[in-house]
Every structure is written in structure tokens, then in C-alpha cells.
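Here is the structure we will look at.
The values are calculated or read from the model by the stated rules, or taken from the named source; none is laboratory data. From a predicted model like this one, the values you see are computed outputs, not experimental measurements. Every residue, glycine among them, receives a Cβ derived from its backbone with ideal geometry; neighbour counts consider all protein chains shown. Surface accessibility is based on the protein's heavy atoms, side chains included, excluding ligands, DNA and RNA. Shrake-Rupley method; radii C 1.70, N 1.55, O 1.52, S 1.80 Å.
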Amino acid sequence: MAPVLLSLGHGYSARALSRLLLPRGWTVHGTTRSMDKARELGEEGVAGHAVPGDLSGPLSEATHLLISAGPDEGGDPMLKVLREEILRKAPQLEWAGYLSTTGVYGDHDGAWVDESTPLTPTTRRGALRVAAEAEWRSIPGLPLHIFRLAGIYGPGRGPFFKVRSGRARRIVKPGQVFSRIHVEDIAQVLAASIERPDPGAVYNLCDDDPAPPQDVIAYAAQLLGLPLPPEEDFETAEMTPMARSFYAESKRVRNRKIKTDLDVRLKYPTYREGLAALLAEETEKGAGD
């Protein structure tokens with residue numbers, strides 16, 4: 001029987017995974033919040049389903065389950081409406097994956113963390129993900145794998161637009177570093193896990209080079225041949241509370257486990273390769289338009 005993935009919250013990362021699975025003969029069902037987006041998924045070869053709605057059909061067909069929808073104070077949104085159905089289906093699934101965040105580790109003042117590091121989130125988003133991880137772990141018989149994602153970038157999510165428009169800012173907070181991951185590397189890790197199921201496993205998804213955010217902006221400007229945006233001190237920079245909250249945590253995230261356990265070789269081991277590839281792709285598309 002051909003494998004069937006049900007993707008609950010079929011967003012940016014899940015769409016990258018479906019681009020790998022569909023050519024391999026998979027059927028992919030993806031949920032979204034509107035009929036318009038469901039139709040867009042159909043154009044990509046994914047059976048789109050607007051939620052709330054009846055998911056009994058795709059859930060009964062599913063051999064694999066991917067959960068990407070973000071939690072809120074009420075818990076995981078999919079478990080709110082599908083808990084009983086998932087409880088019944090869980091033992092029949094071959095694989096389930098939950099996309100979490102490295103924010104569950106909290107702030108470590110730039111020190112290294114790995115999958116064994118205690119979960120001590122310092123932000124609301126991180127705390128909600130810790131609770132959601134626990135919710136999914138509580139489902140008996142579910143072959144759950146947890147993937148803790150660093151900052152995601154890729155096509156349509158890079159710094160080039162802001163640099164070109166003059167809106168990019170190099171906010172400098174001494175000692176601040178972030179880990180990142182290209183969306184295509186997220187997809188290949190998920191595909192590798194599907195091929196090597198290990199229920200209960202937790203994986204950090206990040207590249208090899210945690211780096212200060214101002215360095216990434218500077219490299220993007222260098223690739224574009226544009227002047228460096230001026231540096232701004234974090235303490236005095238005008239920022240929204242949401243933007244400022246991203247600087248509340250600083251850590252370097254180890255990715256050794258995806259290499260040793262899943263035999264993954266990152267396509268983009270640092271932001272330099274990733275940004276260069278994004279720019280080359282933009283240039284190629286522009287030449288073809």
C-alpha cells in the first residue's frame with residue numbers, strides 16, 4: 001500500500017517535505033485555515049482540507065502523521081478537535097512527527113545545548129511548545145518523533161528583500177547568537193526519520209554555525225554588493241516587543257544527532273551556503289521571467 005501523510009497545519013516546512021514525498025509516490029493530505037489555501041495546496045499535488053472540517057477520511061487513510069500547527073494557551077489546536085480520533089488511530093500509524101522549536105531550551109548565554117538539555121523556556125512561545133510536546137507524548141501508542149527547529153529560512157524567507165529595500169538593520173547585542181536551518185534541510189531530516197523510525201526520538205534541526213544576527217545581514221549585503229546597514233545597539237534600538245523578544249535567548253544548538261542517527265548531510269551547513277543558494281535561485285528565476 002502506498003504511504004499516506006496527513007499533515008496537520010501544512011505550512012512552510014511541511015510543504016517542503018511534500019515536495020520530496022510526492023515524486024516518490026506518496027499521497028499527502030494537508031490542513032489549512034481557508035478554502036483558498038486548500039485550493040493552493042491542490043495545485044501543488046497535496047489534497048487540501050480547510051479546518052475546522054471533517055478529517056475522518058484522510059485520518060483513516062494516513063500511515064504517517066506530521067503536526068506543525070502552533071499551540072496556544074488552550075493547548076494544541078489539533079488535539080482540541082481530533083484527540084479521540086487520534087487516540088484510536090495512533091497504534092496504526094508507522095510514524096508521527098511533531099515540529100517544535102529550540103526555544104524550549106530557554107536562554108543559555110550563548111552556551112551549547114543538545115537534546116538532553118533540560119527544558120527551561122523563558123518565553124511564552126517556548127513554554128507553549130513544551131506543553132504541546134507533552135500533550136502529544138501522552139497519546140498511547142503514537143510513534144512520536146519530536147523535531148526542535150531553529151530559525152527557519154529559505155525561498156521567500158531570507159534577508160535579501162530588507163537589504164535591498166534599505167530596511168535591514170544590524171541589531172548588535174554582545175554575545176547574542178542564533179541557530180538557523182534551511183527549509184530544505186528540515187525536509188530532508190524529516191524524510192530521513194520517516195525512513196528510519198525511532199519512536200520517542202528527539203532531534204535538533206539546525207545548521208553547523210550559530211551566528212550573531214548582524215553577521216547574517218552583513219553577508220547578505222555583501223552578496224548583493226550593497227552597503228552594510230548601520231549597526232544599532234540593542235539597548236537603544238527601536239523594536240516591537242515581538243522583535244525584542246527574539247533577543248531574550250542566546251544559545252548554540254548542537255545538531256550531532258541528525259548526523260549520527262539519521263545519516264543526514266546538510267545541504268546548507270552554514271548560512272553562507274544557504275544565502276548564496278537563495279540568491280542564485282532568485283537570479284535564475286529573474287532571468288527566466
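Being assigned to a helix (DSSP H, G or I) and in contact with a Ser or Thr (Cβ under 8 Å, 6 or more places away or on another chain) narrows it down to one of 110, 103, so name that one.
Criteria check complete, one pass: 103.
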Name the residue, out of 280, 276, that is at pLDDT 95 or above and closer than 23 Å to residue 13 by Cα. 276
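What is the residue count in segment 124-143 for residues that are aliphatic (A, V, I, L, M), closer than 15 Å to residue 104 by Cα, touching a residue at least 40 places away in the same chain (Cβ under 8 Å) and surrounded by 18 or more Cβ atoms within 10 Å (Cβ to Cβ)?
Selection size over segment 124-143: 2.
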In segment 114-154, the residues that are β-branched (Val, Ile, Thr) and closer than 21 Å to residue 8 by Cβ: 130, 139, 146, 152
Segment 2-33, residues that are open to solvent by 40 Å² or more (accessible area, probe 1.4 Å) and more than 21 Å from residue 86 (Cα to Cα): 12, 15, 19, 20, 22, 23, 24, 25
So how many residues does segment 83-95 have that are touching a residue at least 60 places away in the same chain (Cβ under 8 Å) and open to solvent by less than 60 Å² (accessible area, probe 1.4 Å)? 1
Report the residue count in segment 241-289 for those that are under 18 Å from the mean Cα position of the chain (by Cα) and either more than 18 Å from residue 214 (Cα to Cα) or basic (Lys, Arg) (or both). 17
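Residues are listed down the side, and each one gets a yes or a no for (1) among the polar types (S, T, N, Q); (2) touching a residue at least 40 places away in the same chain (Cβ under 8 Å); (3) touching a Gly at 6+ places or on another chain (Cβ under 7 Å); (4) within 18 Å of residue 143 (Cα to Cα):
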{"residue": "22", "(1), (2), (3), (4)": "no, no, yes, no"}
{"residue": "30", "(1), (2), (3), (4)": "no, no, yes, no"}
{"residue": "73", "(1), (2), (3), (4)": "no, yes, no, no"}
{"residue": "81", "(1), (2), (3), (4)": "no, no, no, no"}
Filter result for residue 168 (buried (at least 18 other Cβ atoms within 10 Å of the Cβ), part of a loop (DSSP other than H, G, I, E, B) and among the aliphatic types (A, V, I, L, M)): yes
Residues in segment 1-49 that are small (Gly, Ala, Ser), in a helix (DSSP H, G or I) and either touching a Pro at 6+ places or on another chain (Cβ under 9 Å) or modelled with pLDDT of 95 or more (or both): how many? 4
Please verify whether residue 69 is surrounded by 15 or more Cβ atoms within 10 Å (Cβ to Cβ) and part of a helix (DSSP H, G or I), treating the condition exactly as stated. no
Could you list, in sequence order, the residues of segment 105-135 that are within 19 Å of the chain's Cα centre (by Cα) and among the polar types (S, T, N, Q)? 123
All but one of (1) open to solvent by 20 Å² or more (accessible area, probe 1.4 Å); (2) closer than 11 Å to residue 249 by Cα hold for residue 114, so report the exception by its number. (2)
